Ligand SMILES: Nc1ncnc2c1ncn2[C@@H]1O[C@H](COP(=O)(O)OP(=O)(O)OP(=O)(O)O)[C@@H](O)[C@H]1O
């Protein structure tokens, strides 16, 4: 398995959002992409499954441009979970998870006993087997996220792509979902690419982090190389106190106030206007 994003340049109509981004993902890696809101993280993820037209550059999976794959063939290799939507279809967990088998079905064929076995295994691996007959509308946030992940692993992908998998989850569910993702990486050798907003979680769960700023990769490397004063000041205009998480062997930090004075002044003016 090899995945390379090469010198990507991407625009929405005339508005350029990514100027020159290259990312190399190795088999078995856990890669997180971090950066400020609107810097283009989701845009970059979408190019991996050929959802967007590129101005220039290319994405290569197993040495073949993803634009040359049939959508169904790509879906057998790469599963993509977009940011959680606020409305959910009224499906049982089992039906939702079974959708993961569709890229593997031949035209006009139904799920066979092997597909059903894979569905059951996916439900069990993600700890939602006991919920299989429940509507996904009636699940808690953490359970629902696990059900979506079950659908993705039911696809039996080599790469799992997750756009902010911890959004809307409380801290316990965030850890639960990321522990599950780590376990999938360790036990099934699944390569993980995700966008995370929480830098401490990215530090704890990633092997490699890419930080995006000004439409480019500002820095990439191990958590030790990225979760440091210079990178966080440059990318997020924040500083903080940095520590080592001895148990998880990674850096973590406690942020302090924004260093961007101009932004602070703008907000103060706005609050003044609202309240006086
Ligand atoms: N379909 C679209 N049409 C036009 N502009 C878009 C579209 N999707 C995203 N954008 C713009 O492209 C920029 C990058 O968006 P993107 O969603 O990739 O950022 P992000 O880093 O994932 O943001 P966030 O952290 O807020 O989720 C933003 O300015 C956004 O408004």
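We did not get these values from a lab; they are worked out from the coordinates using the rules stated. Note that the structure is predicted; figures quoted are calculated from it, not measured. Every residue, glycine as well, gets a Cβ built from its backbone with ideal geometry; the counts of neighbours run over all protein chains shown.
Pairs of alpha-carbon atoms within less than 8 angstrom and 6+ residues apart define the contacts here; what relative contact order does the chain have, in percent? Spell out each step's value before the answer.
Numbers: 492 pairs, mean separation 60.0, N = 276.
Reported relative contact order: 22 percent.
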Fewest-first ranking of 69, 205, using other Cβ atoms within 10 Å as the exposure measure
69, 205
Sorted by Cβ neighbour density within 10 Å, fewest at the top, the residues 29, 90
90, 29
Computed [θ] at 222 nm, deg cm²/dmol, the chain (DSSP H ≥ 4; -39,500 (n - 2.57); rounded to nearest 500):
-10500 deg cm²/dmol
Of 224, 37, 112, which is the most mobile in a GNM of the chain whose springs link Cα atoms less than 10 angstrom apart?
112
Here the percent of antiparallel bridges among DSSP beta bridges lying wholly in segment 2-275, to the nearest 5, is 60 percent
Which length gain, in nm to one decimal place, applies between residue 102 and residue 242 when the Cα-Cα distance is subtracted from 0.36 nm times their residue separation?
45.8 nm
Taking segment 73-196 as the region of interest, what is the percent of Cα-Cα pairs per 5 angstrom bin, listed from the shortest bin to the one with the maximum distance?
2, 12, 22, 25, 22, 12, 4, 1, 0
Taking other Cβ within 10 Å of each residue's Cβ, how do 47, 222 sort, fewest first?
222, 47
Expressed as a whole percent, how much of the Cα-Cα distance distribution for segment 139-268 exceeds 18 Å?
60 percent
Of all the Cα-Cα pairs you can form in the chain, what percent are over 32 Å apart?
29 percent
Taking a ≥ b ≥ c as the square roots of the Cα gyration tensor eigenvalues, with a/c under 1.5 meaning rounded and otherwise prolate when a/b beats b/c or oblate if not, segment 126-178 comes out oblate
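Taking 35 Å as R0, compute the FRET efficiency from the Cβ-Cβ separation of residue 83 and residue 224 and round it to 0.05.
That pair, residue 83 with residue 224, gives E of 0.80.
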Cα gyration tensor, segment 1-64 - rounded (a/c under 1.5), prolate or oblate:
oblate
